[in-house]
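Working notes for the structure below.
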Amino acid sequence: MNKKIIAFLIIPLVLIFSMVTLSFGQFIPNAPFKPITMAAPDFSLKDLQGKTFKLSSYSGKPVLLFFGTTWCPSCRAEIPAYKNIYAKYSKSSLEVVYIDIMEPVEKVARFAKTNSLTYKVLLDEDGNVADNYGIIGVPTLILIDKEGYVAKISHRTADLPLNKLFPAKK
């Protein structure tokens, strides 16, 4: 008799525990999967010639930010791809910008000259802009749409949806 009472008590407790446990797995943040849009933080940085670049002054144009350093092997390996993107899309209003993080201007200028960088090179000397964008590794690419929202964050140029942003003309 005692075994039957224990069984009747244990079975409902197991069922209740199972239902509670399974119900926690049903919570899905951001349901029903609305896209999360983040406005690109505005910033001002100096380029290699000392001119100020202010992101908000490019409102209405898409902007591609490359965060990198001179010592990063992956950043150097991607330079031909960056140049191709610049050559192909800058004519279609894409602003292409390389942001070097926390390195001296002389070193970055040498790097830009050695690699014949054709796009804007900016200096984030204190790392504040990289921090504002949550950069934790390089290279990091951030594509900003013409409305000023972050459209894509990537570490490879191959992952950028540039063809969606600039569809081929028929």
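The values are calculated or read from the model by the stated rules, or taken from the named source; none is laboratory data. Predicted model only: the values in this text are computed from it and were never measured. As a convention, Cβ positions derive from the backbone with ideal geometry for all residues, glycine included, and neighbour counts pool all protein chains shown.
Annotations for the structure displayed:
- Applying the condition of being over 25 Å from the mean Cα position of the chain (by Cα) and either charged (D, E, K, R) or on the phi > 0 side of the Ramachandran plot (or both) to segment 2-50 and asking which residue is modelled with the highest pLDDT yields 50.
- Residue 164 being more than 15 Å from residue 86 (Cβ to Cβ), out of contact with any strand residue (DSSP E or B) (no Cβ under 9 Å at 6 or more places or on another chain), among the basic types (Lys, Arg) and surrounded by fewer than 15 Cβ atoms within 10 Å (Cβ to Cβ): no
- Flag if residue 92 is surrounded by fewer than 16 Cβ atoms within 10 Å (Cβ to Cβ), at negative phi, free of Cβ contacts under 8 Å to residues at least 24 places away in the same chain and among the polar types (S, T, N, Q): no
- Of residues in segment 133-160 being polar (S, T, N, Q) and either in contact with a strand residue (DSSP E or B) (Cβ under 6 Å, 6 or more places away or on another chain) or in a loop (DSSP other than H, G, I, E, B) (or both), the one nearest to residue 70 (Cα to Cα): 140
- One residue stands out among those in segment 58-83 that are in a helix (DSSP H, G or I) and either of a type in the set (Ser, Thr, Tyr) or in contact (Cβ under 8 Å) with a residue 60 or more places away in the chain (or both): the one that is nearest to residue 39 (Cα to Cα), which is 58.
- In segment 102-135, of all residues being free of Cβ contacts under 8 Å to residues at least 60 places away in the same chain and of a type in the set (Phe, Trp, Tyr), the one that is surrounded by the fewest Cβ atoms within 10 Å (Cβ to Cβ) corresponds to 119.
- Flag for residue 116 being farther than 18 Å from residue 157 by Cα, touching a Gly at 6+ places or on another chain (Cβ under 8 Å) and not β-branched (Val, Ile, Thr): no
- Which listed residue, of 51, 61, is surrounded by fewer than 12 Cβ atoms within 10 Å (Cβ to Cβ) and within 22 Å of residue 93 (Cβ to Cβ): 51
- Residues within segment 161-170 that are in contact (Cβ under 8 Å) with a residue 40 or more places away in the chain, part of a helix (DSSP H, G or I) and more than 18 Å from residue 78 (Cα to Cα), tallied: 1
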